[in-house]
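Trainee: Sharing a structure, written as structure tokens. Questions coming.
The values are calculated or read from the model by the stated rules, or taken from the named source; none is laboratory data. Just so you know, these numbers come straight off a predicted model, no measurement behind them. A quick note on method: Cβ atoms are made from the backbone with ideal geometry, for glycine too, and the neighbour counts reach across all protein chains shown.
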Amino acid sequence: MIVVNAVIESSEEDIRMLKTAIADMEAASRQEAGCFDYTFSVELNQPGTLRVTECWESMEALNAHFNEPHMALFQAALAAHPPKSVAAKFYDANEVVPPGF
């Protein structure tokens with residue numbers, strides 16, 4: 001499984017302006033083949049910080065995601081409200097049983 005953890009530093013106002021684009025991106029991405037999870041969240045103690053968590057079946061599924069029309073639409077919305085920074089880390093992960101189970 002490929003896990004993506006991204007941090008988008010923005011402003012509360014820009015995040016509010018992106019709310020529809022974010023909701024559309026989540027919904028469309030979750031329908032893609034190989035997508036297990038695609039979620040944006042706002043940090044409680046830093047409301048200008050968005051976190052994006054994605055889980056993909058494979059690198060091929062993630063690569064296909066980058067070519068989807070909704071990705072281009074989201075990138076355009078983000079360009080209209082440019083973030084201060086964007087950082088993403090990609091991991092090849094295996095699910096494990098949590099401790100104590």
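Trainee: Quick one: which of K89, K84 is under 16 Å from the mean Cα position of the chain (by Cα) and either modelled with pLDDT of 95 or more or under 20 Å from I22 (Cβ atoms) (or both)? Outline the logic, then answer.
Mentor: Values: K84 fails: under 16 Å from the mean Cα position of the chain (by Cα).
Checking each option against the conditions leaves just K89.
Trainee: Does the stretch 64-78 include one or more residues that are outside any helix (DSSP H, G or I) and crowded, with 16+ Cβ neighbours inside 10 Å?
Mentor: Looking through the stretch 64-78, none of the residues is outside any helix (DSSP H, G or I) and crowded, with 16+ Cβ neighbours inside 10 Å.
Residues checked against (1) on the phi > 0 side of the Ramachandran plot; (2) out of contact with any helix residue (DSSP H, G or I) (no Cβ under 8 Å at 6 or more places or on another chain):
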position	(1), (2)
D24	no, no
R30	no, yes
G34	yes, no
S41	no, yes
N45	no, yes
V52	no, yes
E57	no, yes
E60	no, yes
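Trainee: Further, regarding this structure: Could you list, in sequence order, the residues of the stretch 22-46 that are under 14 Å from S10 (Cα atoms) and either surrounded by 13 or more Cβ atoms within 10 Å (Cβ to Cβ) or among the hydroxyl-bearing types (S, T, Y) (or both)?
Mentor: Matches in the stretch 22-46: I22, F40, S41, V42.
Trainee: OK, next. Considering only residues that are among the charged types (D, E, K, R) and touching a residue at least 40 places away in the same chain (Cβ under 8 Å), look in the stretch 44-77 and name the one that is farthest from K89 (Cα to Cα).
Mentor: So, considering only residues that are among the charged types (D, E, K, R) and touching a residue at least 40 places away in the same chain (Cβ under 8 Å), the one farthest from K89 (Cα to Cα) is E68.
Trainee: Note down all Cβ pairs under 9 Å where the first residue falls in the stretch 24-38 and is outside any strand (DSSP E or B), the second is acidic (D, E), and they're at least six residues apart or on different chains.
Mentor: A28/E68; S29/E54; S29/E68; R30/D37; E32/E68; A33/E57; G34/E57; G34/E60
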